[in-house]
Every structure is written in C-alpha cells, then in structure tokens.
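Computed from the coordinates by the stated procedures, all read-outs in this text should not be read as laboratory data. The model shown is predicted, which means the values in this text are computed figures rather than measured ones.
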Amino acid sequence: MTAAYVVPRDEVERLGSEFSTHPVGSGPFMLREWRHNDRLLLERNDHYFEGKAQVKGISYRIIPEDLTAVIEFELGNLDIILSLPPSFRGLMHQKNGKILLHHKEE
C-alpha cells in the first residue's frame with residue numbers, strides 16, 4: 001500500500017518535492033545509479049539485516065517498446081521480461097528442453 005509507506009520525516013522535510021527522486025530504504029539492494037527512462041543500477045546492501053544477497057547487483061533496463069524488449073531477451077541481453085504482450089505469447093515454447101519464456105498469471 002504505497003500511500004502508507006513509512007518514510008523518514010527529516011528526509012521528506014529536507015528534500016521536499018525532490019524526495020521521490022532520492023530513495024531511502026533498508027532492503028537487500030541500494031540504488032547506485034538512476035538514469036530516468038533508461039535504467040536503474042542496484043548494488044547489494046552488505047549490511048542488510050537478513051544477510052547479503054547472492055548477487056552483487058541488478059541492472060534494470062527500462063525498455064518501453066515491446067518488440068525491442070523481446071528481441072533483447074532473445075539475444076540474451078535480458079534475463080527477465082516482466083510483461084509480455086499477447087501478440088508475443090507465441091514465443092512461449094521450449095527449445096532443446098529449455099524454457100525460453102515462462103508466463104506467470106497474476
């Protein structure tokens with residue numbers, strides 16, 4: 001429930017309307033770089049209370065065009081596509097026993 005997130009009052013007051021572009025958190029990853037409409041780079045938070053994540057970081061690319069995202073996935077440049085439009089569902093098949101695309105219903 002985004003309207004009920006706990007946020008640090010002092011940071012909200014200090015940053016004002018800029019608060020939303022300066023994330024504050026205590027999760028397993030920390031924001032390293034944010035290129036608006038391009039990508040987010042997250043790095044592991046070694047001080048996370050449940051222990052270090054098993055990966056050093058995550059690169060989250062923002063690709064607005066569905067066809068570009070599918071091509072990047074097929075080329076091996078993406079590990080995950082979060083949303084696959086119905087017109088591309090035909091790509092959900094197996095090749096050499098490996099799942100190329102796995103669809104999860106919400």
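Odds and ends about this structure:
- Computed lengthening from GLU13 to TYR48, 0.36 nm per intervening residue step minus Cα-Cα distance: 10.0 nm
- With only the Cα atoms considered, segment 24-78 has a convex hull volume of 93 Å³ per residue.
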